[in-house]
Structure formats: C-alpha cells, structure tokens
Amino acid sequence: MSEYNHKKIEENWRAFWEKNHTFRTENDASKPKYYILDMFPYPSGAGLHVGHPLGYIASDIVTRYKRLKGFNVLHPMGFDSFGLPAEQYAIQTGQHPAITTEENATRYIEQLKNIGFSFDWSREVRTSDPKFYKWTQWIFMELFRSWYNKETDQAEPIETLIAKFETAGTYGIQAVSDDDVPHFTAEEWNAKPEREQYEITLKYRLTYVADAVVNWCAALGTVLANDEVKDGVSERGGYPVEQKLMRQWMMRITAYADRLLRGLDTVDWSDSLKEQQRNWIGKSTGAEVSFQIEHRVEQIKVFTTRLDTIFGVSFMVLAPEHELVAELTTLAQKPAVDAYVTAAKMRSERDRMADAKTVSGVFTGSYCINPFNGERVPIYLADYVLAGYGTGAVMAVPSGDQRDWAFAKHFDLPIIPILDGQKDIDKQADNTKEGRYINSGIIDGLTYQEALPVLVKFLEEHGIGKAKINFRMRDAVFSRQRYWGEPVPVYFKDGLPYLLDEQDLPLELPPVDKYLPTETGEPPLARAEDWKYKGDFEYELSTMPGWAGSSWYWYRYMDPQNDQEFADQKAIDYWRDVDLYVGGSEHATGHLLYSRFWNKFLKDRGYVPEEEPFKKLVNQGMILGRSNFVYRLKESVGEGKIPVFVSNGLKGQYDVTPLHVDVNIVENDVLDVETFIKTRPDFAENAEFILEDGKYICGVEIEKMSKSKFNVVNPDTIVERYGADTLRLYEMFLGPLTDAKPWNTNGIDGVYRFLKKFWRLFYEEPTETRPGRWLVTDEKPTPAELKALHKTIRKVAEDIEHLSFNTSVSAFMVCVNELSALKCNKKAVLQELVVVLAPFAPHITEELWAALGNEAGTLSYAEFPVFNPAYLVEDTIEYPVQINGKVRTTLVFSVDTVASDIEKEVLANEVVLKWLEGKTPKKVVVVPKRIVNVVM
RNA sequence: GCCGGGAUGGCGGAAUAGGUAGACGCGCAGGACUUAAAAUCCUGUGAGCAGUAAUGUUCGUGCGGGUUCGAUUCCCGCUCCCGGUACCA
C-alpha cells in the first residue's frame, strides 16, 4: 500500500484488535500494575460529540505508553447509566428507561470503538445493571450496619457499639451520631425493649433517616433538582417551587470530614481541586455559645469563629426554618413573621446566599440574653442565615461583619465598637483582630491572643458553651423521589426501617405503569403493584442518587463478573487504587468527595487496602463549540417577503438578526449557500445573499456545544473523513489538556498533512504510471538524524509524564519536518519513531510496524525507545546579547568559554560598541549558557 | 454573593529555578507543477515608522502600578470570561 489510506488501515486494525483481544487485561501479579481510569459517562441520547473523547484520548495515550514501558495496565470503560434524562424520556414516552439506556450505551460503544481506544471491553460495567447495583445495595447495607467510633477514628460494625452499651451504657462513648441521642447506663440499656434498643442504634448508623430540605414542586408532585429550578419556579412548566422538609435517607459523610480533609495532603491532584474540596468541607475552629431566651426555658445555640466579638452582639438572627421560630414569635409580630417565613420558603438556598445586596428580615418580638454581660438581645429572622449551616442561628456583630452591619443599619440597631483597632465602622464593618478590646467587660484592654483563653474559660466555667470545631459540610441526602435509580434495600416494619436479607439482593426495580409520582405525592415506586417484602412489608420507595454507583465502581472493574463479592480480594490487593484518574472538574465536590468517603468506609471495614482511591487526578478542560451565524435583514422578514442575508463583514451597515447556522455546512467561515438553502427551506427559501468578495462569510461565537446552537461536531464525521489517528492527534494538538478550548475543524488539515508526510518517509509518492516504492533502507543513521529522533524521544516521554500532549504533537511535526529535509528513510530511525508515535496514532503505526517486518499486532506491547543524551551534545552556544535588557545581537561561543572571555568579546563587538556610544557600561551580566546583558 | 480557574498575532496555541515573546499548526498572500482545478511543494506573514532593498528602529503577552540588569513568568490593585455552589451527571 503506497498511499496513506486511513479508512482501510484503521478498519483493518480495529478488527484485528477485537479479534485477537489485544487489550484484554489479566489480573497478573507478576508485572507492575498501572490503573488508568476515565470518569465513566452517562450515555445520553445525543451520542458523543468531539468534546467527550478528549479525556479518553489523553488517558489512552498514557495507557499505551505505560504498556510500552512494561506495565500491566488496567484501562476499562463503562456507563453511569442511571440518570434523569432517561427517566424524563420515559415520563414523556412511556418507554422503560432501561431500553433507552441500552440503546444509548450501544451507540456510545460504537462511537468509542471507532476512535481506537485500547479499553478492555470485557470488563465493562453499567450501574443500572442489577448484577452491578446488587453491590451498590450491599455497600449501603454495610453502611447501615456500621457506626463511626471517634476513639479509633474509624467505622466499626454496629455490634461493637451495642457491646459497649451492654457493658457501660453510653458512658465514654465517642461516636458520630444524631444530636438527640439519649444517655443511659448499661442496666438501663439492657432493660430496654428490643424495639427501643434498635431505635437508638438508628441514631448512630452511617446511613439513617432524617428530615431534609428539598425543592418541592406541588404542581408536578415531585422534588426538583436545583438545576431544574429557575427563578423560584420549575424550569418545566414554570410552576411554583417551595422549600420543604421531607423524610430522606442520609449518609453520615460528616463523620469523615476530618479524614477527607487530611487525605487531600496525600494525593497528587491539582491545587485548585484540593482547595475546592477544602472549602466544601469548610473546617472552622470556634466556639458554641448558648443564649438563654428571655422568659422561656429554651436556649439558642450559635456557633462563632469570633468568640472575641461577643460583647459587640446587638441582635440575634435565626434562619426562617429554625425550630424555635413559632415559639419565639409574639402575637403582635405573628403576621409579619408568617409572611416572611412563607416568602423565604419560595427562595432557593443559592438565591438566598447569592443575594447579598438586599437586606431583609423580621423581628420576632422576643429577646435572648447575652451570657457574657446579661444584655437583652432582640431576635430577628433573616433568610441569609441557612438552617443547614451550623446551628441555624447567628450572633450578629455589626461592627465586625458586613452583612450584620448592613442589617443593623437597615433596622436601626446599635453598632458597638469592640476593638480600638477598628476603623470607620460608621461607614462599614471592620473585621480586624488588631488593637485592644473596648466595651468588652472581662476582656477590656486585652489583645486578641490574650482574650481568647479568658473567654473559653468563662464559657466552660459557666456551662454556657464550649470550644468547638465546625464543618460547613453537611450529611449527604441519599434519597431521590425518582424511578430510575437503585432501589434502597430497606423495608419498614411498624414504622421502623430494616435491611433486607443479603440473599434477597439485588432488590430489582419493579415495573410501574407510569414513571411519575403518585397523586398523593409518593415516589414512582409506590405505583408498583404487589411490591412488598416477603409479601407483607412496605419497601422504601425512594431510590438512590446518581452518585451511588459511581462512588465505588472502580473496584468492580477489577473483577466485574464476581457474584460472590463486589470484587475478589486478590484482585483488589493487586490493583489497589487508581494511578491516574481523568475527568471533568465539575465532579470536584460531588463524585470525588462521595467516592473518597465510601472508599475510606470500605477501608475501615477491611474490604479495600488504600485510604485514598485516586492517587493522581487531572481534569480535562471542556471543548467548546464554535458557532457560526448568518445575518438576516430585519426588514426582509414577513409575509410575502424574500429573506435577505448579509455577509459578516457588511452586517454593520444593516439592521440584522443573527441566526445560528449549522457549522457542518460552513468551511473556514464561508457558508455553503446552496446547501444552506436546501437544508433550511423554513427560512432560506428563495433567499438573497449580499456577499463580500463573492463569498458569504459567517460570524463566529464560542459557546457550549449543543444541538440548539447547531455547533455540534460528531467524531464519527471526522473519523470518516480524516481517520481516528488524525482525530486523536488533533484533539491533543488543540491545546493543554486541562484548558477549556474551542473546537474548530479548520485546523485539522495540519495534522492530517503531518500523517501523510510521516507516511512519505516510508513510501514514495505514487505517480500515475506506478505505485510508490518502499523507501526504507538499512543504512546507518547520521548524527543529525539521530539528534532529530532522540530530541523527540526525550520530549515525548517527558510530555506524556506531564500530560502535555499538545507539545508532543508539535515535537512529532518538527521531527518529521527535519527527517524529511534530511531525506532520512533509515529503518534504525523510523522504527523507533513508529513506537514513539504509537500511543498517539495507533492505527498508522501498527500498519508501518508490520510493514517494517515486525509481527503484526505486537506494537502495543513493544518497548519504548530509550533516550540517549549523547546524540544531543552541543559544542557551541548562541548567546543573545542585550543592551539594557533589549536584544541587539547574538554571538556564538564554545560551551566551555568562561564568563570573563565572553564579557571581553562582547564589549569588543561592533553592535555593542555602537549602542554604548563611547560610554563605559555600568555592569555586564553574563549568565552562563543563557544570555549576556550590558547595562549602561 | 462565596470558592476555584483563565486572558499571549486574524485563529488554536509555544516559551515560566525570571533570560532572544510568538515554536508547531490553521488561515492569508505570492510562487512552482497543471489546459484548469484539487492535491503536493517552496517563500513570506505580530503591529507601526524609515528605506527600492538588505536592513534599521519603536511598540507589543487583558488594564493600572511595583520588584529586577532583565517580567508572558514574581508581588499589589482592577476588568472581563468560564466552572462549582450540595437532587444535572
């Protein structure tokens, strides 16, 4: 074959790999392991666009490279196949989501295989497969059967807690639990009826039932994702949405807050990602203080990180959802409070936090007492305080906190200065810790450092509070009022939740007549007929959230067929953890925290060996769409009018409406007018076009890739026209893996030409009369050829380690340009180059590898060439010579020339002398092997 | 709002222990081959000014300051864009 025929070559090799199971991976303990994982996709109905494979190409390059370096590489792919879109489609069409999901996954696999990824498809998993979610349910059960012992700082079986109760009651127990756990002695425990004992343990288990705030849409009869709520109404239909408490399964992730925080120091992730997780966990050190409510027995607890400002408290603010609101509201204030609470229910948490400009709130009519000075403090409600944070109450210090300051101004409350270091507090709050305290009772005259211990001692001696570490992170809601998710393996008996017997797993999704909630607002599973545990007991009707299956799936790839365990212990001990994890940064605080949480839990219970599941992690950037526009004259729209479109360069002279035009009929921003008329008769029939230089030039904007913007580019189209190798190289060539960047098919010709030029090093260009001959010879390479090769070997190996693939592609181009110029057709050089290029362009390199006389299909497990620095040694260096930091000339010196000799010669140089204009330089900076700078 | 990230030619980008800004590619312009086109190959290409030209020279890495012999790179203050913000996955 003397012409580069990408289609034929690629189809051949893909068939070869499939037939020979080239990428089947064994759990082979004799070779060092390397686990490279892609965040698995949700198989959407739209199929893949060119943005999706970006991360997969990168991880496939590393995978193939590591194989060449002698590693046993696990590189699997599967589907996170539970999700809202399939359910939404099911609601609209009645089609079971399993069917849609199956079709979409099949399409994804086809598209992925088309790009030549070296996935081991025999290990594919899907979270919606009962054989998979059996183990998701099993892990849920293990969580339910566990509690968190703070003493040992790990999760333990619930039996160890019960044993403690039996011998010592709650005495000395350090557990993460609900707030309202009762205290008892061993005798008291042992005397309790079984049901009550069980009820008590429910407060300690790592998954538990509690009331949580959700977006309730009464009109749709369902709970909405924040995503589905826009401006306080449902995105679908525009119905009102309110914040409502609902009984939900929860995950006690907060038990792991500190370990999740500490673990970040041990993983190789980007600083920004770690920082996002740290902020999410939000550890803050401070104190909890109780304020007695005037004329009542209840107290209001607040958490503060600035206990030192307690003498500046001039009011108290509670979240509108605070449990004491009803009791605190006086008769006179009731109408105002009720109105405010109702209004707050209509606002989403995000709206409430984002809106820092409007001050709103209402006085309850009640007061509490500042325990440090006995002053009466009025109690307000305001929606900037969120019920789920801390205690849902804030002690307001207007002189030190800007939000409190604005609130105080608005309601005309006192602003008490507390530090003599505070400045301009009549204009704004000053949160300084500088200076000495004033108006502050027992800490007057002290500094911040001196005051803190005094305050804490006072707190503890008077029993009004304690030092406390608070986390912003809350327990995770684990229930979804949906159909298309894992059923929760729980049934109810006399109102209490119990686990299913293990042999009854998996609890499969029952058929339902509709995928909607019931008329009474119960989740879709309530529609299932005769769906009772052992024929008697109500099942839990909510399903698990999207993140359940993805919180442990990487272990299933290690042993995907196992029906005895979630994975064989030997397989887990061999593969252990993920060495490189590639995926989108949008998972920074969701999936990546939950996965770490479940991993730590599984480790505590002895199922997995590593504390952290993902050693190294990179976020690939999003590939954006490049939308094209046509501009229609506004005056040309209307009954009986002929539409007129004006070219981009001339649109300024007219009043026009920009309209998206399909990027697939635009080349280099020039519109294919004929196809446009043909494909869009709805608005381009008989249309006239005002051209520039005889062409219709389209406008351009960078936007997210989406169907509605007509800017979606399908990888299949690219593979058909240019081949998968070109697609792979081009996606890498676009820019750094981690950056967001626009897709522009225009540039792809460059890498396609590169592959053809590379091919020309092996085969002569064919003419009409004869096919191109095989050019490769066994001649000995010249130093220049070896230099070109070894520069590339070094660069590419370094780049792959740093995941800097765009620069590797340029390095290949430079190398091929150099070898072409040198007319190098030598096997000794070309064969090594084939191996180096193989991870990037696996098809063309397999073809050439075989043509060079190697056994077909063995390239994937060949050996990566070893870089030899001897070929790159230079004996001269070109020094840029600067005058006052500006380059004026360059001079060549041999590598061993000493600085003083360089300086001498530079000062004698005519260009330098010209710039010196006879003056003596103040200083000459000679940086060896780098640069010379003459300062005058 | 809060948290995180980014900004370099017409376009994608390259260059950071601070050391010749614009590698590589696209596009564009000119040329070769061709009856012609495509493909391919060669040359040029940040902007301005001077010069027939070789060349010389000034400006130039989002904006405003600073540190330094020297700043795309480090520091301070802004502007705009993107991601996350707990039920999209």
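The values are calculated or read from the model by the stated rules, or taken from the named source; none is laboratory data. Keep in mind that what you see is a predicted model, and the values were worked out from it rather than measured. Please note: Cβ atoms are built from the backbone with ideal geometry, for glycine as well, and neighbour counts cover all protein chains shown. Quick note on the areas: whole protein, heavy atoms, side chains included, nothing else; ligands and nucleic acids left out. Shrake-Rupley method; radii C 1.70, N 1.55, O 1.52, S 1.80 Å.
Numbers for the structure displayed
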item	result
Filter pass, A:GLY885 being of a type outside the set (Val, Ile, Thr), exposed (fewer than 11 other Cβ atoms within 10 Å of the Cβ) and more than 10 Å from RNA strand B (Cβ to nearest atom)	no
All positions within the range A:788-814 that are within 12 Å of RNA strand B (Cβ to nearest atom) and more than 29 Å from A:ALA740 (Cβ to Cβ)	A:LYS791
Residue in the range A:302-315 that is within 16 Å of RNA strand B (Cβ to nearest atom), open to solvent by 50 Å² or more (accessible area, probe 1.4 Å) and either assigned by TED's automatic domain parsing to the domain that holds A:LYS433 or outside any loop (DSSP other than H, G, I, E, B) (or both) present	yes
Residues of the range A:651-699 classified as open to solvent by less than 80 Å² (accessible area, probe 1.4 Å), in a strand (DSSP E or B) and not hydroxyl-bearing (Ser, Thr, Tyr), total	13
Test set (1) more than 6 Å from RNA strand B (Cβ to nearest atom); (2) open to solvent by less than 70 Å² (accessible area, probe 1.4 Å); (3) not in a helix (DSSP H, G or I) - A:ARG770 fails condition number	(2)
Answer from A:GLU874, A:GLU905, A:GLU917 - the residue that is within 16 Å of RNA strand B (Cβ to nearest atom), touching a residue at least 12 places away in the same chain (Cβ under 8 Å) and either open to solvent by 50 Å² or more (accessible area, probe 1.4 Å) or more than 50 Å from the chain's Cα centre (by Cα) (or both)	A:GLU874
Tally of residues being touching a residue at least 12 places away in the same chain (Cβ under 8 Å) and under 21 Å from A:GLY390 (Cβ atoms) across the range A:324-339	4
Matching residues in the range A:412-435 - criterion: being in contact (Cβ under 8 Å) with a residue 12 or more places away in the chain and within 42 Å of the chain's Cα centre (by Cα)	A:GLN422, A:ILE425, A:GLN428, A:ALA429, A:ASP430, A:ASN431, A:THR432, A:LYS433, A:GLU434
Selection count, the range A:721-741, where residues are open to solvent by less than 40 Å² (accessible area, probe 1.4 Å), more than 6 Å from RNA strand B (Cβ to nearest atom) and under 25 Å from the mean Cα position of the chain (by Cα)	7
Residue that is most open to solvent (accessible area, probe 1.4 Å), among those in the range A:576-624 that are in a helix (DSSP H, G or I) and away from RNA strand B (no atom under 16 Å from the Cβ)	A:LYS603
Criterion: within 16 Å of RNA strand B (Cβ to nearest atom) and within 22 Å of A:ASN868 (Cα to Cα) - qualifying residue of A:GLU764, A:GLU818	A:GLU818
Members of the range A:142-170 that are β-branched (Val, Ile, Thr) and either in a loop (DSSP other than H, G, I, E, B) or touching a Leu at 6+ places or on another chain (Cβ under 6 Å) (or both)	A:THR152, A:THR170
Within the range A:500-545, considering residues that are on the phi > 0 side of the Ramachandran plot and of a type in the set (Gly, Ala, Ser), the one least open to solvent (accessible area, probe 1.4 Å)	A:GLY521
Number of the condition not met by A:THR807 [criteria: (1) surrounded by fewer than 19 Cβ atoms within 10 Å (Cβ to Cβ); (2) farther than 24 Å from A:SER59 by Cβ; (3) modelled with pLDDT under 95; (4) not charged (D, E, K, R)]	(2)
Tabulated pairs, the range A:132-148, first in contact (Cβ under 8 Å) with a residue 12 or more places away in the chain, second open to solvent by 10 Å² or more (accessible area, probe 1.4 Å) and among the acidic types (Asp, Glu), C-beta under 7 angstrom, 6+ apart or interchain	A:SER146/A:GLU156; A:TRP147/A:GLU156
Failed item, numbered, when A:THR391 is tested on (1) in contact with a strand residue (DSSP E or B) (Cβ under 6 Å, 6 or more places away or on another chain); (2) within 14 Å of RNA strand B (Cβ to nearest atom); (3) hydroxyl-bearing (Ser, Thr, Tyr)	(2)
Selected residue (only one of A:GLY638, A:GLY621, A:GLY549, A:GLY583 is modelled with pLDDT of 90 or more and small (Gly, Ala, Ser))	A:GLY549
Residue in the range A:361-374 that is within 16 Å of RNA strand B (Cβ to nearest atom), open to solvent by less than 70 Å² (accessible area, probe 1.4 Å) and either part of a helix (DSSP H, G or I) or closer than 30 Å to A:PRO417 by Cα (or both) present	no
Per-region count, the range A:464-483, residues open to solvent by 20 Å² or more (accessible area, probe 1.4 Å), within 14 Å of RNA strand B (Cβ to nearest atom) and not polar (S, T, N, Q)	7
Residue ranges of helices (runs of 4 or more DSSP H) in the range A:171-284 with at least 2 members within 12 Å of RNA strand B (Cβ to nearest atom) and among the acidic types (Asp, Glu)	A:271-281
Count of the range A:742-767 residues which are surrounded by fewer than 16 Cβ atoms within 10 Å (Cβ to Cβ) and at pLDDT below 90	6
Any hit, the range A:728-741, residues being touching a Pro at 6+ places or on another chain (Cβ under 7 Å), outside any strand (DSSP E or B), in contact (Cβ under 8 Å) with a residue 40 or more places away in the chain and among the charged types (D, E, K, R)	yes
Selected residue (criterion: farthest from A:ASP725 (Cα to Cα)) from residues of the range A:115-131 that are open to solvent by less than 40 Å² (accessible area, probe 1.4 Å), in a loop (DSSP other than H, G, I, E, B) and not hydrophobic (A, V, I, L, M, F, W, C)	A:SER128
Subset of the range A:742-758 [of a type outside the set (S, T, N, Q), more than 6 Å from RNA strand B (Cβ to nearest atom) and touching a strand residue (DSSP E or B) at 6+ places or on another chain (Cβ under 9 Å)]	A:TRP743
Elements of type helices (runs of 4 or more DSSP H) in the range A:1-100, at least 1 residues being in contact with a Phe, Trp or Tyr (Cβ under 6 Å, 6 or more places away or on another chain) and crowded, with 22+ Cβ neighbours inside 10 Å	A:53-68, A:84-93
Residue match in the range A:558-575 (condition: within 16 Å of RNA strand B (Cβ to nearest atom) and either buried (at least 17 other Cβ atoms within 10 Å of the Cβ) or part of a loop (DSSP other than H, G, I, E, B) (or both))	no
Among (1) closer than 30 Å to A:ASP80 by Cβ; (2) in contact with a His (Cβ under 8 Å, 6 or more places away or on another chain), the one test that A:TYR594 misses	(2)
